[in-house]
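One structure is given below, encoded as structure tokens.
The values are calculated or read from the model by the stated rules, or taken from the named source; none is laboratory data. Small disclaimer: the values here were computed from a predicted structure and weren't measured. Quick reminder, even Gly has a Cβ in these numbers, built from the backbone with ideal geometry, and neighbours come from all protein chains shown. In case anyone asks, the SASA skips ligands and DNA or RNA and just uses the protein heavy atoms, side chains included. Shrake-Rupley method; radii C 1.70, N 1.55, O 1.52, S 1.80 Å.
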Amino acid sequence: MRVMDSDDIVEIIVRHIRDVVPELADHPIGRDDAMADLGVDSIERGEIVVATLEDLGLDIPLVQLHGPRNIGELADLLHDKRAA
Amino acid sequence: MSAGTHPVVGIEAMNVYGGLCALDVRALCTHRGLDLPRFENLLMQEKTVALPYEDPVTFAVNAARPLIDALSPEDKARIEMVVTCTESGLDFGKSLSTYIHHYLDLPGNGRLFEIKQACYAGAAGLQMAVNFLLSGTSPGGKALVVTTDLSRFALADANAVQEWAYSEPSSGAGACAMLVSDTPHVFRIDRGAYGNHAFEVMDTCRPGPDTEAGDADLSLMAYLDCCENAYKDYARRVEGADFRDTFGYLCFHTPFGGMVKGAHRHLMRKLYKAKPAEIEEDFARRLGPSLAYGQRVGNTAGGSIFLALAGVIDTVDLSQPQRVGVFSYGSGCCSEFFSGVIGAEGQARLRAMKIAEALDRRYRLSIDEYEMLLRGESVVRFGTRDAKLDHDILPGAWPLTQDTPHLVLDSVVGYQRQYRWV
């Protein structure tokens, strides 16, 4: 079985974005997109991050996930936290 | 109460004061060009906007006066502590409690001071009063705890307006006055039932008297972390506590309703892996009533949990007593989860304050009037030595249209604020 990489985590994040904001179901979303620019509000961003953590089985303080400027950077950070 | 038994303490009487003017928040968002496609999810309606002759003292005194007027001279003489909980202080040294004490004509043998820890200040003030009473050092004593906050940040300069943008729609103004004693008719504290979570974080701050800065994402994450861990600390202390079953109602710190909804969802998923339909039903039933007043005055900082509590007590069926779980969060940050019991007697007492009716009577500002106030040309800035207030700035809002005496700011003479009753 292949080890999960950052792109796999991007996929999980994008799935949750489409889940939380159905308006984005058919909108192309990639690593370089920032959720705020896609019209995802702060409450929805929180919900997406929490759901992604659940999928990854990560139990860490949310404040440790502050800082990434786009989906790719968030995925990289989550990937690092998972490896830690 | 006899020696050897545990005293019963909590809130004997409370009142909420939501000012003289209100603004439609959706109209503000539209005017600012904020793209909020799902505005309804944020659960905001109106916010209170302070007039130049309203300040944290007038809000506090106007909230407290009905409680003090209802006391006998003997009971009034037992108020031995005035705690003001605020992040809108008027002086680095002198506390707001000194003015509040004076304009309410309270006895001289008391402790007057002010507490600050962002929106956690109110919970801190209540717990200080509760623990003063539980200490038994002055049996039968009472404490007046007042939360009072208003937001007038944007008047510094265009840069400040920019920094403020993320919270302008939710920033409100309001005060909550509580008489805390050993006859807790309105909210009986569950003694020893509390939990805390705190750590240093730079999520929201007031770096100057008229400015606020912050990061919405970081603040949200700190709030969610605190909500989970303060509750877990509560559950560690309180045998058999169960978030789903122990509390008939819940009151969370309410910067705006959407935040509360997000935190409740987080907790229900984390603790029970609850499904969306169950979460939605539980939120509407146990937290919906707490939004009654917050969504009409905006974020009142340290007072928001007590506005939430007042909303619950005023609007739900209390033919049977109910336990309420309260979560307070203050940026920076410190948080607490605690609980108490409400019932029919407290409901009758609180309804006599006619909080909703007073909110209905507020003057509705147009966007132009709001922007005129925001420019702050007639506002007394922090550190002003002398000033005379213009009471004609918005004739329609002058409190003669209200049915109870109102305190207004009249002038500042040698840094001392002078108020008068209208």
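Net charge of the neighbourhood of B:Gly376, taken over other residues with C-beta under 10 Å away and scored Lys/Arg +1, Asp/Glu -1, is +1.
Any chance you could run the full-extension gain for B:Glu278 through B:Ser319? It's 0.36 nm times the residue separation minus the Cα-Cα distance, nm to one decimal.
On the way: separation 41, 0.36 × 41 = 14.76 nm, distance 2.54 nm.
Here the segment from B:Glu278 to B:Ser319 would lengthen by 12.2 nm.
Please list the non-local residues whose amide H lies under 5 Å from the amide H of B:Ala173, H modeled 1.01 Å from N, same-chain partners needing a gap of 5 or more. HN-HN under 5 Å from B:Ala173: B:Thr48.
Taking one quarter of the surface of the convex hull spanned by the alpha-carbon atoms of chain B gives a direction-averaged projected area of 19.8 nm².
Sparse packing (at most 16 other Cβ atoms within 10 Å of the Cβ) combined with a DSSP loop state is found for the following trypsin sites (Lys or Arg not before Pro) in the range B:21-56: B:Arg38. On the beta carbon distance between B:His6 and B:Arg236, with R0 = 30 Å, the FRET formula returns roughly 0.90.
Candidates B:His264, B:Pro207, B:Ala356 compared by Cα position along the dipole of chain B: farthest toward the positive end lies B:His264, with charges placed on Cβ.
Compute the length gained on full extension between B:Asp35 and B:Asp69: take 0.36 nm times their separation in residues and subtract their Cα-Cα distance, giving the result in nm to one decimal.
Details: separation 34, 0.36 × 34 = 12.24 nm, distance 4.67 nm.
That pair, B:Asp35 and B:Asp69, stretches by 7.6 nm at full extension.
Here each label is just a point 7 Å from Cα along the line to Cβ, and for A:Asp37 and B:Glu371 those points are 3.0 nm apart.
Could you give the dipole magnitude of the protein assembly as shown about its Cα centre, charging the beta-carbon of Lys and Arg +1 and that of Asp and Glu -1, in debye to the nearest 20?
Details: 49 positive and 71 negative charges, 319 e Å.
Computed charge dipole of the protein assembly as shown: roughly 1540 debye.
Once the Cα-Cα distance is subtracted from the 0.36 nm per residue extended length, the B:Glu200 to B:Asp390 segment shows a gain of 64.2 nm. For the pair the range B:285-363 and the range A:1-75, the centres of their Cα atoms are 35 angstrom apart.
Per the Cα gyration tensor, the protein assembly as shown maps to an equivalent ellipsoid with semi-axes of 38, 29, 19 Å, ordered largest to smallest.
For the range A:6-83, give the magnitude of the charge dipole about the Cα centre (Cβ charges: +1 Lys/Arg, -1 Asp/Glu; no others), in debye to the nearest 20.
Values: 7 positive and 18 negative charges, 40 e Å.
Roughly 200 debye for the range A:6-83.
Normalised radius of gyration (Cα atoms, divided by 2.2 N^0.38 Å) for the range A:6-83: 0.98. Ordering B:Met259, B:Met202 by accessible surface, largest first, gives B:Met202, B:Met259; the 1.4 Å probe counts only protein heavy atoms, with every chain in place. Label-to-label distance, A:Asp26 versus A:Arg2, with points set 7 angstrom from Cα along the beta-carbon direction: 2.9 nm.
How large is the Kirkwood hydrodynamic radius of the range B:82-156, in angstrom, based on all distinct alpha carbon pairs? Mind dumping the intermediate values first?
Working: mean 1/r = 0.0755 Å⁻¹.
One decimal place: 13.3 Å for the Kirkwood radius.
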